[in-house]
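What follows is a set of notes on a single structure, which appears directly below.
The values are calculated or read from the model by the stated rules, or taken from the named source; none is laboratory data. Fair warning: this is a prediction, and the values are worked out from it, not measured in the lab. Positions of Cβ are generated from backbone atoms using ideal geometry, with glycine treated the same way; all protein chains shown enter the neighbour counts.
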Amino acid sequence: MLNVQLKRKRTFAQSMLFVVFLLSSTLAFAQNKVTGTVTDKSGEPLIGVNVLEAGTTNGCITDVDGKYSLNVERGETLIFSFIGYNKQEVKVTQNIIDVTMSEDTELLDEVVVIGYGSMSRKDVTSSITTVKADKLNVGVFSDAASMLQGKVAGLTITSSADPNGSPSITLRGASSLREGAAMSPYYVIDGIPGVDISMVAPDDIESIDVLRDATATAIYGSKAANGVIIINTKKGKNGMERTNVSYSGYVAFDNILKKMDMATADDLRAYAKKNGLTLANDQGANTNWQDEVLRTAISTNHNISINGGAQKTTYMASLNYMDRQGVVKGSKMNRLNVRSLVTTKVLKDHLDLSVGVNARYGKAVGVPMNNEGASVLDAMNYFSPTLPVKNEDGSWTKGSGSKNYNPLSLINEDTSETIFKNTQVIGKATLKVIEGLNWNANYSFTNNQRTYSSYDTHNTQLEGVSAYNGRATRSTYFGHEHSFETYGNYDTTIANVHKLSLMAGYSWEEKMSNDGFGLTVHDFYDDVLKWNQLTYASTIDGIPAVESGTKETIRNISFYGRASYSYNSKYMIQATIRRDGSSVFGKDHQWGTFPSVSVAWNITEEGFMKNQNLFSNLKLRIGYGVSGNALGFGAYTAVATYGASGFFNYNGKDWRTLAATKNANPDLKWESTGMLNVGIDYALFNGRINGTIEVYNKKTKDLIWDYPVSTNIYPFGTIAANVGKITNKGIEFSINATPVQTEDFTWNTTLNLSHNKNTVDKLSNDKYQVGTFTQGDPMVAGVSSNGYTQRIIEGEALGTFYTYEFAGYKDGKATYYVRDEKTGERTGETTSEPAFKDRTITGCAQPKLNLGWNNSFNYKNWNATIFITGVFGNKIYNGARANYTSPEMFANGKNVLKEFITDRPATDTGGNVPSDRFIENGSYLRLSNLTLGYTFKNLDGWLQNVQLYVTCNNLFTITGYKGLDPEVNMGGLAPGVDYRWSTYPHSRTTMVGLKVNF
């Protein structure tokens with residue numbers, strides 16, 4: 001019986017083992033082990049290719065021989081992906097699957113806008129950087145140009161937190177002695193040149209092309225010396241099945257990055273007591289004026305866009321509204337932008353017609369930001385904390401002495417606003433004449449209006465204004481611009497290797513501006529209506545109370561052409577020429593010619609590069625071009641002008657006297673810039689790493705400046721003349737890389753570095769000479785004259801500091817090094833009363849290196865961005881610190897920095913003359929942007945996708961600068977001077993945003 005049981009147990013165990021074997025064999029058969037080799041088109045194995053079963057996490061990567069092995073059921077799909085190659089999907093039908101992957105040529109096939117046309121990236125011979133919309137900066141921007149900060153090597157942008165301010169923009173160094181528009185790049189929006197960038201809402205931008213070297217910009221001739229920025233907006237597309245509707249919006253909260261470390265009321269009282277001094281204006285309060293003036297600013301932005309298209313017609317329309325507060329109470333702006341464009345094909349698709357209407361309407365509300373104390377930004381620091389906000393009777397407290405204003409009084413009693421209206425109508429036509437030949441015509445009309453209003457109430461504290469019993473000023477100015485361009489493009493390819501492109505065109509522009517007037521009235525019964533009813537005023541001070549512009553019209557005519565040839569995308573040459581005529585220059589110099597030529601060699605197309613796997617693209621570019629600078633000129637720049645200068649009495653009646661206001665110069669001509677550029681475009685590991693290296697030499701001549709002349713010869717004391725020369729030399733480096741890419745996760749990183757050396761080569765000639773070319777006066781208390789901090793000197797850069805050298809304290813007084821008048825060397829002596837001869841070069845505001853580093857991460861539906869900017873090797877003159885540590889401030893009952901109390905001897909009562917004591921290292925590294933977003937995709941019903949994101953700007957800054965922020969204005973003739981009355985404090989922004997595609 002026992003044997004029978006044992007036999008039955010053995011039989012059961014054997015049966016179970018057989019079943020397990022059958023199941024294992026069936027599972028192994030079902031899994032179907034798939035093996036294979038992945039190679040490129042030349043047969044070389046690819047290492048690290050991702051092999052993934054579609055819809056699962058079952059995957060592997062290829063080994064050093066390009067081989068892989070994976071268990072996959074038959075009928076499933078394998079996905080092969082590798083950076084620099086096109087993704088492939090293969091259905092599993094056998095056990096051995098070998099794959100040959102094709103290179104992804106998207107980078108080389110990218111279409112680049114080059115001005116009056118476009119071409120493939122691989123055929124470009126110039127220095128052009130393209131930034132797509134998803135790579136632009138995210139933030140609360142009143143000006144779309146701020147979205148490029150840190151994104152383009154060589155493009156230096158200093159942003160402003162002022163809701164009514166504009167960034168300063170410099171491309172490859174300053175190349176003019178004129179400020180404003182003369183130093184700004186030239187904007188082209190959707191092919192229309194010279195358009196105000198504020199006409200475009202940031203949400204409407206598709207991409208931005210920055211033309212950096214003269215071979216790219218010369219086609220725009222006399223307006224291109226500072227670079228050209230081409231903005232392409234979003235449009236409808238043909239063949240869309242439905243109308244796309246999208247919404248994007250955000251709410252943002254701004255707080256000041258840093259506050260001045262001003263003394264408290266208790267600090268001042270203790271200091272006065274310790275040193276036996278009298279503390280003026282002490283009313284027993286302890287007010288923090290920065291807290292009273294600053295706030296958490298709330299801004300909102302809403303954008304709705306509609307676009308679509310059928311077989312022949314496309315359309316788009318967008319509406320953008322921004323309401324932005326500043327961190328300073330009383331400062332704000334709101335703006336409405338409207339864009340629309342309809343394009344259709346007629347004449348059997350031979351003619352494309354487009355018509356569009358764009359508009360901008362906005363209001364900017366500001367606070368006083370004048371010098372000599374009449375600035376809220378200044379008063380919130382200098383007004384004494386010992387004073388309360390208001391007196392017992394409800395009036396604003398007022399400091400004793402001169403120009404000592406309560407900042408809240410300035411905000412509430414001295415108000416102003418500017419209303420601007422811009423309307424643009426555009427029409428475009430493209431005729432396909434024959435195969436490869438298109439003829440284009442573009443027309444644009446823009447109408448501009450600006451109305452400024454200000455009111456100082458009965459309670460104003462401003463000196464010279466408080467006695468007016470309410471003063472109102474209002475002015476309005478009009479202008480319009482016509483632009484017409486017609487040009488033809490012919491493109492053909494001969495024998496599949498000879499690619500030829502020709503372009504020729506004509507442009508006409510007319511701009512009317514400065515047509516307006518205004519007036520000032522005073523003595524109102526009350527302040528209720530402010531500037532809204534000027535006839536309620538009782539007094540107008542005659543003709544001096546009337547302002548008027550001088551209506552002016554500028555006309556420009558241009559002829560231009562371009563020819564480019566490419567042999568099998570291996571050898572390329574391009575030449576352009578533009579002949580410009582302008583009414584603003586002297587009668588004998590109204591025409592200028594601006595040529596360029598560039599060549600390129602695509603080295604990777606050579607036979608000797610075919611068997612290497614390191615470079616997928618290597619191209620050498622060399623070009624030289626000349627561009628001009630006619631921006632910032634008025635219609636009367638080269639002619640003599642006269643203006644009202646006073647009155648004389650004739651027959652019992654007062655008549656206006658006229659006097660010269662400007663001399664004529666018939667020899668006035670273009671400023672011109674010649675630039676040599678050598679560039680290398682590279683891509684490694686099939687584009688996984690790519691970028692550019694640029695070296696340039698940019699020389700600008702015939703710079704215009706107002707030179708002093710004798711009034712014995714000329715009717716006026718200065719004359720505009722072409723004399724100066726400036727050189728900018730630099731190197732730029734950019735790299736784009738994808739360090740990690742898997743099926744679910746991608747990390748892209750972009751780094752750009754740039755160095756520019758600026759040198760003023762010439763300021764004077766035999767006929768026109770300038771003496772001490774001084775700049776940058778921070779107007780420090782106690783320094784009544786010669787308060788300048790910089791000089792423009794031949795052989796040195798713009799922004800060169802020229803000050804005394806601080807030697808420390810001696811016997812309780814500040815001393816400065818003495819220099820020999822003949823040799824300029826130090827004598828070894830010091831003095832507390834330095835003379836002009838003791839000044840010397842003490843630093844430069846020009847940075848040695850600019851950095852922008854962007855990192856973007858994508859994991860499934862999550863996305864994140866980390867953007868870092870940096871500026872290194874520059875100096876800043878801390879004008880605020882120089883002023884708020886001046887003994888004059890304390891003596892006049894104003895506040896001072898704590899540094900004045902803790903570090904400065906009370907016996908040092910001398911003025912803070914310009915010295916290197918206040919020149920500081922302006923280098924900084926900043927986490928400019930941190931964004932985290934999540935996208936809900938493949939939604940059913942009426943939603944396509946929804947993205948939620950949170951963005952923080954200016955999270956932290958690493959710097960040794962003691963001022964509010966090291967990002968000071970780097971434009972103009974005096975870069976790097978931190979002015980206390982006009983430097984709007986930077987802020988830290990937190991945004992919560994939503995994007996919806998319906």
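Conditions first: (1) within 20 Å of ILE219 (Cβ to Cβ); (2) surrounded by fewer than 18 Cβ atoms within 10 Å (Cβ to Cβ); (3) not charged (D, E, K, R). MET675 passes all but one, so which condition is the exception?
(2)
In the range 160-180, how many are touching a Lys or Arg at 6+ places or on another chain (Cβ under 9 Å), among the polar types (S, T, N, Q) and within 17 Å of ASP213 (Cα to Cα)?
So the first thing to find is which residues in the range 160-180 are touching a Lys or Arg at 6+ places or on another chain (Cβ under 9 Å), and the list is 163-164, 171-173, 175.
Filter once more, keeping what is among the polar types (S, T, N, Q): 164, 175.
Next, from what is left, pick out any that are within 17 Å of ASP213 (Cα to Cα): 175.
Residues in the range 160-180 being touching a Lys or Arg at 6+ places or on another chain (Cβ under 9 Å), among the polar types (S, T, N, Q) and within 17 Å of ASP213 (Cα to Cα): 1 in total.
Taking the range 118-134 on its own, how many of its residues are at pLDDT 85 or above and either touching a strand residue (DSSP E or B) at 6+ places or on another chain (Cβ under 7 Å) or assigned to a loop (DSSP other than H, G, I, E, B) (or both)? If you could, list the steps in order and put the result at the bottom.
Step one: list which residues in the range 118-134 are at pLDDT 85 or above, which gives 124-134.
So of that shortlist, the ones also either touching a strand residue (DSSP E or B) at 6+ places or on another chain (Cβ under 7 Å) or assigned to a loop (DSSP other than H, G, I, E, B) (or both) come out as 124-133.
Here the count works out to 10.
Quick one: which of GLU481, GLU463, GLU485, GLU509 is outside any strand (DSSP E or B), assigned by TED's automatic domain parsing to the domain that holds TYR636, farther than 22 Å from GLU417 by Cβ and among the acidic types (Asp, Glu)?
GLU463
Restrict the check to the range 949-962 and report whether at least one residue is outside the structural domain of GLN149 (by TED's automatic domain parsing), of a type in the set (Gly, Ala, Ser) and modelled with pLDDT under 90.
No, the range 949-962 has no match at all.
Go through ASP588, ASP526 for me and flag whichever is assigned to a loop (DSSP other than H, G, I, E, B), assigned by TED's automatic domain parsing to the domain that holds THR473 and touching a Gly at 6+ places or on another chain (Cβ under 9 Å).
Working: ASP588 fails: touching a Gly at 6+ places or on another chain (Cβ under 9 Å).
Of ASP588, ASP526, the one residue that is assigned to a loop (DSSP other than H, G, I, E, B), assigned by TED's automatic domain parsing to the domain that holds THR473 and touching a Gly at 6+ places or on another chain (Cβ under 9 Å) is ASP526.
Buried (at least 21 other Cβ atoms within 10 Å of the Cβ), more than 27 Å from the chain's Cα centre (by Cα) and at pLDDT below 95 - does that describe any residue in the range 684-695?
Restricting attention to the range 684-695, the residues satisfying the condition of being buried (at least 21 other Cβ atoms within 10 Å of the Cβ) are 686-687, 690, 692, 694.
Of the ones still in play, those that are also more than 27 Å from the chain's Cα centre (by Cα) are 686-687.
Filter once more, so that each one left must be at pLDDT below 95: 686-687.
Within the range 684-695, one or more residues are buried (at least 21 other Cβ atoms within 10 Å of the Cβ), more than 27 Å from the chain's Cα centre (by Cα) and at pLDDT below 95.
Please determine whether any residue of the range 604-627 is within 23 Å of SER176 (Cα to Cα), part of a strand (DSSP E or B) and aromatic (Phe, Trp, Tyr).
Yes - at least one qualifying residue is present in the range 604-627.
Output the residues belonging to the range 844-876 that are on the phi > 0 side of the Ramachandran plot and either at pLDDT below 95 or among the hydroxyl-bearing types (Ser, Thr, Tyr) (or both). Reasoning before the result, please.
At the first step, the residues of the range 844-876 found to be on the phi > 0 side of the Ramachandran plot are 860, 873.
Across the range 844-876, the qualifying residue is only LYS860.
Please pick out the residue among GLY516, GLY549 that is within 32 Å of the chain's Cα centre (by Cα), assigned by TED's automatic domain parsing to the domain that holds GLY625, modelled with pLDDT of 95 or more and more than 30 Å from ILE434 (Cα to Cα). Lay out the reasoning, then the answer.
Details: GLY549 fails: modelled with pLDDT of 95 or more.
Every option except GLY516 fails the conditions.
So, in the range 121-164, exactly how many residues are under 8 Å from the mean Cα position of the chain (by Cα), under 20 Å from ASP203 (Cβ atoms) and of a type in the set (Val, Ile, Thr)?
Looking only at that region, the number is 1.
Yes/no matrix, rows are residues, columns are (1) β-branched (Val, Ile, Thr); (2) closer than 24 Å to ASN556 by Cα:
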residue: GLN149; (1), (2): no, no
residue: GLY154; (1), (2): no, no
residue: PRO163; (1), (2): no, no
residue: ILE169; (1), (2): yes, no
residue: GLY173; (1), (2): no, no
residue: LEU177; (1), (2): no, yes
residue: SER198; (1), (2): no, yes
residue: ASP204; (1), (2): no, no
residue: ASN226; (1), (2): no, yes
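Looking at the range 248-306, which of the residues that are assigned to a helix (DSSP H, G or I) and among the hydrophobic types (A, V, I, L, M, F, W, C) is nearest to ASP323 (Cα to Cα)? Outline the logic, then answer.
Pass one, the range 248-306, residues assigned to a helix (DSSP H, G or I): 265-274, 289-293.
Remaining after also requiring among the hydrophobic types (A, V, I, L, M, F, W, C): 265, 268, 270, 272, 289, 293.
Details: ALA265: 37, LEU268: 40, ALA270: 45, ALA272: 46, TRP289: 26, VAL293: 20 Å.
Residue satisfying both the conditions and the ranking: VAL293.
Among the candidates ALA600, ALA644, single out the residue that is of a type in the set (Gly, Ala, Ser) and within 35 Å of the chain's Cα centre (by Cα).
Values: ALA644 fails: within 35 Å of the chain's Cα centre (by Cα).
Exactly one residue qualifies, and that residue is ALA600.
Out of curiosity, is ILE735 crowded, with 20+ Cβ neighbours inside 10 Å and farther than 30 Å from PRO887 by Cβ?
On the way: crowded, with 20+ Cβ neighbours inside 10 Å: no; farther than 30 Å from PRO887 by Cβ: yes.
It is false that ILE735 is crowded, with 20+ Cβ neighbours inside 10 Å and farther than 30 Å from PRO887 by Cβ.
Taking the range 318-338 on its own, how many of its residues are of a type in the set (Val, Ile, Thr) and part of a loop (DSSP other than H, G, I, E, B)? Working first, answer last.
Here is the first cut: in the range 318-338, the ones of a type in the set (Val, Ile, Thr) are 327-328, 338.
Next, only the ones that are part of a loop (DSSP other than H, G, I, E, B) stay: 327.
Going through the range 318-338 one residue at a time, the tally reaches 1.
From the residues in the range 45-83 that are in a loop (DSSP other than H, G, I, E, B) and in contact with a helix residue (DSSP H, G or I) (Cβ under 9 Å, 6 or more places away or on another chain), which one is modelled with the lowest pLDDT? Reasoning before the result, please.
Let us first name the residues in the range 45-83 that are in a loop (DSSP other than H, G, I, E, B), namely 46-49, 54-58, 62-66, 72-76, 82-83.
Okay, now just the ones that are also in contact with a helix residue (DSSP H, G or I) (Cβ under 9 Å, 6 or more places away or on another chain), so 72-74.
Details: VAL72: 89, GLU73: 88, ARG74: 85.
Of everything passing the filter in the range 45-83, ARG74 is modelled with the lowest pLDDT.
Kindly indicate which of ASP393, ASP378, ASP323, ASP352 is crowded, with 18+ Cβ neighbours inside 10 Å, farther than 24 Å from ASP777 by Cβ, of a type in the set (Asp, Glu) and assigned by TED's automatic domain parsing to the domain that holds ARG450. I'd like the intermediate steps shown before the answer.
Values: ASP393 fails: crowded, with 18+ Cβ neighbours inside 10 Å; ASP378 fails: farther than 24 Å from ASP777 by Cβ; ASP323 fails: crowded, with 18+ Cβ neighbours inside 10 Å.
Answer to the selection: ASP352.
Just checking, does the range 882-892 include any residue being aromatic (Phe, Trp, Tyr) and at pLDDT below 95? Quick ask: steps written out before the conclusion?
Applying the first criterion (aromatic (Phe, Trp, Tyr)) to the range 882-892 yields 884, 890.
Now narrow it down to the ones that are at pLDDT below 95: 890.
There is at least one residue in the range 882-892 that is aromatic (Phe, Trp, Tyr) and at pLDDT below 95.
Only residues that are over 30 Å from VAL584 (Cβ atoms) and either assigned to a strand (DSSP E or B) or not assigned by TED's automatic domain parsing to the domain that holds GLY586 (or both): list them for the range 641-656, please.
Start the filter on the range 641-656 by keeping residues that are over 30 Å from VAL584 (Cβ atoms), which leaves 647-655.
The answer is PHE647, PHE648, ASN649, TYR650, LYS653, ASP654, TRP655.
How many of the residues in the range 281-314 are among the aliphatic types (A, V, I, L, M), at pLDDT 95 or above and surrounded by 16 or more Cβ atoms within 10 Å (Cβ to Cβ)?
Matching residues across the range 281-314 total 4.
I'm checking my understanding of the structure. Among residues of the range 147-204 that are assigned to a loop (DSSP other than H, G, I, E, B) and among the charged types (D, E, K, R), which one is modelled with the lowest pLDDT?
To start, the set of residues in the range 147-204 that are assigned to a loop (DSSP other than H, G, I, E, B) comprises 149-154, 159-167, 172-179, 184-185, 190-191, 194-196, 200-201.
This time we only want the ones that are among the charged types (D, E, K, R), so: 151, 162, 172, 178-179, 190, 196.
On the way: LYS151: 92, ASP162: 91, ARG172: 92, ARG178: 87, GLU179: 84, ASP190: 91, ASP196: 89.
It comes out as GLU179.
Residues of the range 430-460 being in a strand (DSSP E or B) and under 27 Å from LEU519 (Cα atoms), which ones? Write out each step before concluding.
Going residue by residue through the range 430-460, those that are in a strand (DSSP E or B) are 430-434, 437-456.
Listed by number, the residues that qualify are THR446, ASN447, ASN448, GLN449, ARG450, THR451, TYR452, SER453, SER454, TYR455, ASP456.
What number goes with the only condition from (1) of a type in the set (Gly, Ala, Ser); (2) modelled with pLDDT under 95; (3) touching a Pro at 6+ places or on another chain (Cβ under 6 Å) that ALA379 does not pass?
(2)
Checking THR823 against (1) free of Cβ contacts under 8 Å to residues at least 12 places away in the same chain; (2) assigned to a helix (DSSP H, G or I), which test does it fail?
If we test THR823 against (1) free of Cβ contacts under 8 Å to residues at least 12 places away in the same chain; (2) assigned to a helix (DSSP H, G or I), just (2) comes out false.
I need every pair where a residue in the range 560-577 that is not assigned by TED's automatic domain parsing to the domain that holds VAL599 has its Cβ under 8 Å from the Cβ of a residue that is at pLDDT 95 or above and surrounded by fewer than 22 Cβ atoms within 10 Å (Cβ to Cβ), sequence separation at least 6 or different chains.
none
Does the range 410-423 contain at least one residue that is surrounded by 19 or more Cβ atoms within 10 Å (Cβ to Cβ) and over 30 Å from VAL293 (Cβ atoms)?
So far as the range 410-423 goes, yes, one or more of its residues are surrounded by 19 or more Cβ atoms within 10 Å (Cβ to Cβ) and over 30 Å from VAL293 (Cβ atoms).
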